[in-house]
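The values are calculated or read from the model by the stated rules, or taken from the named source; none is laboratory data. Here the structure is a predicted model, which means the values were calculated and not measured. Positions of Cβ are generated from backbone atoms using ideal geometry, with glycine treated the same way; all protein chains shown enter the neighbour counts.
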Amino acid sequence: MTAKKVVALNKRARFDYLIEDTFEAGIMLYGSEVKSLRSGKGSIAESYASDEGDELFLINSFIPEYYEAARFNHEPKRPRKLLMRRRELNRLLGAIRKKGMTLVPLSLYFNQRGLAKIELGLGVGKKKADKRATEKERDWKREKGRLIREKG
């Protein structure tokens, strides 16, 4: 059983992107960032993973300052390096560069050992019609559930 303490979710990611595969990566964080995340603060709603050279960075993620750290604080929206195995990293970089796919963060959490991890989704952006179809399907499931509860 894997126990994760989820800090931040990106609920919009699965609506805006067709996620084909998911990956887990570590994040290089400062001590004040870890403290801030442990207190349950942080957001990955508008963030994405970008390749710079042979490395991946998490761009535009927000981890608020930890006020007890005073002058040893961090910058809230700084780019953070993602840590992965080289083979997995090369596979992702190839998919991003050749196929035009996007790496979207799905969730930020602490694993069983207490390490900060991020779940990344490799996907393609949905068109407007695809989003409408997803919404239509979700509405139908909700309506079907109501009908079953009323009748049964």
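Checking the stated criteria, Asp130 turns out to be surrounded by fewer than 17 Cβ atoms within 10 Å (Cβ to Cβ), over 14 Å from Gly26 (Cβ atoms) and in contact (Cβ under 8 Å) with a residue 60 or more places away in the chain. Of all residues in the stretch 14-33, those being in contact with a strand residue (DSSP E or B) (Cβ under 9 Å, 6 or more places away or on another chain), surrounded by 17 or more Cβ atoms within 10 Å (Cβ to Cβ) and more than 21 Å from Leu89 (Cα to Cα) number 1.
Looking at the stretch 26-39, is at least one residue part of a loop (DSSP other than H, G, I, E, B) and closer than 30 Å to Ala129 by Cα? Don't jump to the end; show me each part of the working.
Going residue by residue through the stretch 26-39, those that are part of a loop (DSSP other than H, G, I, E, B) are 28-30, 39.
Next cut, closer than 30 Å to Ala129 by Cα only: none.
No, because not a single residue in the stretch 26-39 is part of a loop (DSSP other than H, G, I, E, B) and closer than 30 Å to Ala129 by Cα.
Listed by first and then second residue, the pairs linking a residue in the stretch 40-60 that is touching a residue at least 60 places away in the same chain (Cβ under 8 Å) to a residue that is part of a loop (DSSP other than H, G, I, E, B) and aliphatic (A, V, I, L, M), with Cβ atoms under 8 Å apart and 6 or more places separating them unless they lie on different chains, are Gly42/Ile63; Leu58/Ile44.
Picking from Glu88, Glu119, which residue would you name as being touching a Phe, Trp or Tyr at 6+ places or on another chain (Cβ under 9 Å), in a strand (DSSP E or B), in contact (Cβ under 8 Å) with a residue 24 or more places away in the chain and not hydrophobic (A, V, I, L, M, F, W, C)? Walk me through it before giving the result.
Numbers: Glu88 fails: in a strand (DSSP E or B).
Just one listed residue meets the conditions, Glu119.
Taken over the stretch 91-116, residues that are over 24 Å from Pro64 (Cα atoms) and either in a helix (DSSP H, G or I) or over 14 Å from the mean Cα position of the chain (by Cα) (or both) amount to 11.
Hey, does the stretch 66-85 have a residue that's in a helix (DSSP H, G or I), charged (D, E, K, R) and over 15 Å from the mean Cα position of the chain (by Cα)? Yes, there is a match, as at least one residue in the stretch 66-85 is in a helix (DSSP H, G or I), charged (D, E, K, R) and over 15 Å from the mean Cα position of the chain (by Cα). The combined condition, being within 26 Å of Lys126 (Cβ to Cβ) and surrounded by 15 or more Cβ atoms within 10 Å (Cβ to Cβ), is not fulfilled by Pro64.
Given the conditions (1) hydrophobic (A, V, I, L, M, F, W, C); (2) loosely packed, with under 15 Cβ neighbours inside 10 Å; (3) over 14 Å from Ile27 (Cα atoms); (4) modelled with pLDDT of 90 or more, report the number of the one that Leu115 does not fulfil. Every condition holds for Leu115 apart from (3).
The rows are residues; the columns are (1) out of contact with any Pro (no Cβ under 6 Å at 6 or more places or on another chain); (2) farther than 22 Å from Lys4 by Cα; (3) surrounded by 15 or more Cβ atoms within 10 Å (Cβ to Cβ).
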residue: Lys41; (1), (2), (3): no, no, yes
residue: Ile44; (1), (2), (3): no, no, yes
residue: Glu55; (1), (2), (3): yes, yes, no
residue: Ile59; (1), (2), (3): no, yes, yes
residue: Glu75; (1), (2), (3): yes, yes, no
residue: Leu93; (1), (2), (3): yes, yes, yes
residue: Phe110; (1), (2), (3): yes, no, yes
residue: Lys126; (1), (2), (3): yes, yes, yes
residue: Lys141; (1), (2), (3): yes, yes, no
